[in-house]
Amino acid sequence: MQIGGVVLTSIGLAEQAESTPVRVRLNLLGSLPRACNELRMEVVYPNEQYQIFVEVYSLANPNVECENVFQQFEATVLFGVYSAGRYTVWVNNELVGDFVSY
C-alpha cells in the first residue's frame, strides 16, 4: 500500500454533551484523491504540553487502476477522558482548536 494525501475542507471540535464526564470529538469533512483510496487516521496520546496530534491520510494500492475522482468522506474521532488541563488539537501539524478537561 502507498500513502496518499487527503483534502480537508472542514475541521471542528465539539463536546459530546450526553457523556459524563463530557468528552470532545473531532469532526472531519474532506475528500480522498481517488475512488479507491482508503481513509486512515492516527491519534497520538497527549504529550507533556497537552497536545493531541492527529494524522489524516489515505492508503492506496499502486498496482490497482482507479479513477482519479475525488471521494468525499465524513469522519469523527471521539477523544478519551484526560486528566485536568487545557489540550490543543493538531491535525496534520495544523492547530485546529483546544478544549479544557476537568
Can you confirm whether region 64-78 contains a residue that is at pLDDT below 95, in contact with an Asp or Glu (Cβ under 8 Å, 6 or more places away or on another chain) and surrounded by fewer than 14 Cβ atoms within 10 Å (Cβ to Cβ)?
no
Taking the stated definitions as given, is residue 81 more than 30 Å from residue 102 (Cα to Cα), more than 10 Å from the chain's Cα centre (by Cα) and in a loop (DSSP other than H, G, I, E, B)?
no
With (1) hydrophobic (A, V, I, L, M, F, W, C); (2) open to solvent by 60 Å² or more (accessible area, probe 1.4 Å); (3) at pLDDT 95 or above as the list, and residue 22 as the residue in question, which single condition is left unmet?
(3)
So residue 17 ticks every box in (1) open to solvent by 70 Å² or more (accessible area, probe 1.4 Å); (2) at pLDDT 95 or above but one. Which box is left unticked?
(2)
Out of curiosity, is residue 33 open to solvent by 40 Å² or more (accessible area, probe 1.4 Å) and out of contact with any Pro (no Cβ under 6 Å at 6 or more places or on another chain)?
yes
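Do the conditions hold for residue 49, that is, is it at pLDDT below 95 and open to solvent by 50 Å² or more (accessible area, probe 1.4 Å)?
So residue 49 does not fit the description; no.
The values are calculated or read from the model by the stated rules, or taken from the named source; none is laboratory data. Just so it is clear, the structure is predicted and the values come from calculations on it, not from any experiment. Here Cβ is always computed from backbone atoms with ideal geometry, including for glycine, and neighbour counts include all displayed protein chains. Only protein heavy atoms, including side chains, enter the accessible area calculation; ligands, DNA and RNA are left aside. Shrake-Rupley method; radii C 1.70, N 1.55, O 1.52, S 1.80 Å.
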